[in-house]
């Protein structure tokens, strides 16, 4: 099992990255949006907790900025009919402490806002998570001393755009409009909005 990787950021996409290890091996890793926004510029050093899923036709590697996120991913894929893609989508929307709060409140409607998860699936997932909620870590996932609140989310969103190859001016121009329209939006949601707008402009 590949549980942890560190190396140089070789490439970034909207779905993940390619990490080049010191041994010269490049790993293609799928990432939730919450991990994408923490990536440095290309060429920067990256450390990721990882989970490998072995299938007949492929080896799929998933990466996470924090061990708590990887533990939650493993918890989610342990639920029947909840595969890694949906688990990654959930982690792109909710951090572990937020998801635990949703489970305790039995807020299936909010969980159903995740693409690919309808109201019925959300209720089933919520029900199955009830007996597992103790395994969802709580507490802040940011580094000690990190600034919380809208300014921190804005900075994280900018960092995510720059990690995807956009310039400082391009990232600020896009994020300023998004945060002006929705001041309480978090970084991962803002990045998703930006990527959707960029994709729409290209069609």
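The values are calculated or read from the model by the stated rules, or taken from the named source; none is laboratory data. Fair warning: this is a prediction, and the values are worked out from it, not measured in the lab. Neighbour counts run over all protein chains shown; Cβ positions are idealised from the backbone, glycine included.
Overview of values
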quantity: Residue satisfying all of: in segment 80-94; farther than 12 Å from residue 121 by Cβ and in contact with a helix residue (DSSP H, G or I) (Cβ under 8 Å, 6 or more places away or on another chain); surrounded by the fewest Cβ atoms within 10 Å (Cβ to Cβ) among these; calculated: 84
quantity: Residue match in segment 127-138 (condition: at pLDDT 80 or above, in a helix (DSSP H, G or I), in contact with a helix residue (DSSP H, G or I) (Cβ under 9 Å, 6 or more places away or on another chain) and farther than 20 Å from residue 15 by Cβ); calculated: yes
quantity: Residue list for segment 70-79, filter: touching a helix residue (DSSP H, G or I) at 6+ places or on another chain (Cβ under 6 Å) and either in a helix (DSSP H, G or I) or assigned by TED's automatic domain parsing to the domain that holds residue 30 (or both); calculated: 72, 73, 75, 76, 77
quantity: Flag if residue 41 is in contact with a strand residue (DSSP E or B) (Cβ under 9 Å, 6 or more places away or on another chain) and within 14 Å of residue 4 (Cβ to Cβ); calculated: no
quantity: Verdict on residue 89 being within 20 Å of residue 61 (Cα to Cα), part of a helix (DSSP H, G or I) and either without any contact (Cβ under 8 Å) to a residue 24 or more places away in the chain or not assigned by TED's automatic domain parsing to the domain that holds residue 52 (or both); calculated: yes
quantity: Among (1) surrounded by fewer than 16 Cβ atoms within 10 Å (Cβ to Cβ); (2) under 30 Å from residue 130 (Cβ atoms), the one test that residue 22 misses; calculated: (2)
